[in-house]
Structure formats: C-alpha cells, structure tokens
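Structure record follows, encoded as structure tokens.
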Amino acid sequence: MTLKIQKKPIVAYLGPKGTFCEQAAKKYFSSDRVTLVPYPSIGAVFDVVENGQTEFGVVPVENSLDGSVRLTLDLLFKKKMMVSGEIEHRIIHNLIVKSGTRLNEIKVVISHPQALAQCRLFLEKKLPKAQLKEVNSTARAVELLNQMNNAGAIGADIAAKNKKMVILARHIEDDPNNFTRFFILSNRDKPPTGSDKTSLIFSVKDAPGSLYRILKVFAGNNINLTKIESRPERGKPWKYIFYVDFEGHRNEAKNRSALDDMEKQCIFVKVLGSYPRSNL
C-alpha cells in the first residue's frame, strides 16, 4: 500500500522573521502543522493568497493605540478574498543590544517608527541623548545591530533570539494595553461556531440620512456593531466607504435579513468574511 504524503498548508505573513506578525501567526496556527513563510509587504501577502500560492495569510489590521492599518483596509476593499480568522496579540517591546553593550554606551536606537513612538517615555528617561533611527520593521532593526556599535534596537524577544542578541530591558512600551489585531486571509471564510464576528464594507448614497438608515438596519435586527470606520474611496475624492465589524455569523437568520436590507439600500456591500472571535 502506498501512503499519500500530505503537504503542510503554507501560511504567508508580513516579514521578515522575528516580527510581531510572525508571533501572531505562530499563536494562531500550530507551527508543526503549517509552513510559515515571510513576505516583504502587506501587498505581497494579499497577492500570494489571492493567486493560490499560499492557503492563508496573516496581516495586521488594527492597533489598540494607533488605530487601523490603512493599507490592509484598502486591500480588503480591492482584493477578492475572505477573512477567515482573527488573532489579537499583545505587543511587548524590548531594548535589544549586542552582547556586552551597556545602556550608557548606546548612542543610537533603531526600530520601526511606530515602536519608537510607543516607547517614547522610556527613551526620554533612559536614553535622552540617543539618536532615533527609523527602519521598516522591528525585526530589521535587530538584524542591523550586527553592523553597528553603540546601538540598541526595539523589537520582539523572538527577534533577539533569532539573531542571538541580548535583551537589555523588557516591557519598555509606554502603555501595557498595547495590542495588535491580525486578520487571517483565505479564499473562504469559516462556518458558524456560536461565537463569531463578521466584517464587511459598504457604501451609501451621498444624501441626508443614508448612513443613519443603514445603522438602523443593524439596530432593528438587534445586531451589535463592534467597529465602524470610514475611509476615502480611492479615485473618488470626498467619497467614502465604511468598514464594519459586527457580532455573529453572516449565515445567522437575523444577519442574513440585515444584509438583504443593506443590499437594497447601499451602493454596494462586500462581506469580507465571518470567523471565530479572538479570545485573548
């Protein structure tokens, strides 16, 4: 008898290795059951999922301190794919150095601009004279330490471990309630579990009461909105689209009824997907 060897599903994530996105991917998927592959941009992750090169993709969609990731929202509008899951990951920033580097020797601190901003109080108190240098990811910042002297990087502990660096100070973020929400992208969403969330995009006519009437549809069906956000529609100045998350699966009766009503009143409605709610 010949045994059929099954390949592990490939999961694309926003790289490089050592990012918070990689940590989120490992948290969501059992790492021994999938193959994690880093990609250089959010757009690249969308592309490989859309064309079937990978089964899943993991991208950041929202940070609890800095709000939505605009590029992710724009690509969700543009691309043909589904959201099949979400994961909320606590962001813990660390000051990382080469072995032997002391705090008073650090003259430059490198990291992603968002990480530098989220550690402002630590930097002002402990390293007030250090130059701050921005790079495109926290993992890249840790990687660059090999090429520099008297330098520190702000990044994740996984990045320090990958590059054999030392964590000089842990939990240096200003606000401990710092979480990033990641979407799991796929070409299909998930069946109902009883604890679900649905994401969608819609646009309404530019007329008095248009948005109110759509929100009334949700209220009338006793549907709890967990998020609503407007974004400019590309190529149409001063025209807006709305991103909504609500509790429940799109296949539940009251949600189907609400979506049917929206289809009649909106210029367009795009359901991004229904998926199990993240549990921290």
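Looking at (1) within 28 Å of N279 (Cα to Cα); (2) of a type outside the set (D, E); (3) surrounded by fewer than 21 Cβ atoms within 10 Å (Cβ to Cβ), which is the one condition that is false for A115? It fails just one condition, (3). Of all residues in region 99-111 being buried (at least 18 other Cβ atoms within 10 Å of the Cβ) and more than 30 Å from R181 (Cβ to Cβ), which is modelled with the highest pLDDT? It comes out as I106. Evaluation of L75 against the conditions (1) at pLDDT below 90; (2) touching a helix residue (DSSP H, G or I) at 6+ places or on another chain (Cβ under 9 Å); (3) over 25 Å from D157 (Cβ atoms) shows that the sole unmet condition is (1).
Would you pick out the residues in region 219-245 that are touching a residue at least 12 places away in the same chain (Cβ under 8 Å) and among the basic types (K, R)? Within region 219-245, K227, R231, R234, K239 meet the criteria.
On the given criteria, is K133 without any contact (Cβ under 8 Å) to a residue 60 or more places away in the chain, among the basic types (K, R), surrounded by 15 or more Cβ atoms within 10 Å (Cβ to Cβ) and over 19 Å from Y13 (Cβ atoms)?
Numbers: without any contact (Cβ under 8 Å) to a residue 60 or more places away in the chain: yes; among the basic types (K, R): yes; surrounded by 15 or more Cβ atoms within 10 Å (Cβ to Cβ): yes; over 19 Å from Y13 (Cβ atoms): yes.
Considered against the rule, which asks whether it is without any contact (Cβ under 8 Å) to a residue 60 or more places away in the chain, among the basic types (K, R), surrounded by 15 or more Cβ atoms within 10 Å (Cβ to Cβ) and over 19 Å from Y13 (Cβ atoms), K133 comes out as yes.
For (1) in the same structural domain as C21 (by TED's automatic domain parsing); (2) more than 21 Å from C21 (Cα to Cα); (3) among the charged types (D, E, K, R), each residue gets a yes or a no:
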| site | (1), (2), (3) |
| --- | --- |
| K126 | no, yes, yes |
| K133 | no, yes, yes |
| T138 | no, no, no |
| V142 | no, no, no |
| A151 | no, yes, no |
| K164 | no, no, yes |
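Can you pull out the residues in region 39-84 that are over 18 Å from K26 (Cα atoms) and among the acidic types (D, E)? Answer for region 39-84, where residues must be over 18 Å from K26 (Cα atoms) and among the acidic types (D, E): D47, E50, E62, D66, D74.
Across region 242-269, the qualifying residues are those that are surrounded by 15 or more Cβ atoms within 10 Å (Cβ to Cβ) and of a type in the set (V, I, T), and the one among them that is nearest to K216 (Cα to Cα) is V244.
Would you confirm, using the coordinates I've provided, whether I154 is in contact with a helix residue (DSSP H, G or I) (Cβ under 8 Å, 6 or more places away or on another chain), within 28 Å of A12 (Cα to Cα), in a strand (DSSP E or B) and touching a residue at least 60 places away in the same chain (Cβ under 8 Å)? When the stated conditions are applied, I154 passes them. Taking the conditions (1) farther than 18 Å from M82 by Cβ; (2) touching a residue at least 12 places away in the same chain (Cβ under 8 Å) in turn, V271 satisfies each one other than (1). With respect to the stated conditions, G18 is in contact (Cβ under 8 Å) with a residue 60 or more places away in the chain, more than 13 Å from the chain's Cα centre (by Cα) and crowded, with 20+ Cβ neighbours inside 10 Å. Candidates are the residues of region 22-44 that are closer than 25 Å to L76 by Cβ and out of contact with any helix residue (DSSP H, G or I) (no Cβ under 9 Å at 6 or more places or on another chain); the one that is modelled with the highest pLDDT is A44.
Scanning region 177-194 finds one or more residues that are in contact (Cβ under 8 Å) with a residue 24 or more places away in the chain, of a type outside the set (A, V, I, L, M) and farther than 30 Å from V269 by Cβ. Considering (1) surrounded by fewer than 17 Cβ atoms within 10 Å (Cβ to Cβ); (2) in contact with a Cys (Cβ under 9 Å, 6 or more places away or on another chain), the lone condition that H89 does not fulfil carries the number (1).
The values are calculated or read from the model by the stated rules, or taken from the named source; none is laboratory data. All of these numbers come straight from a predicted model, not from anything done at the bench. Every residue, glycine as well, gets a Cβ built from its backbone with ideal geometry; the counts of neighbours run over all protein chains shown.
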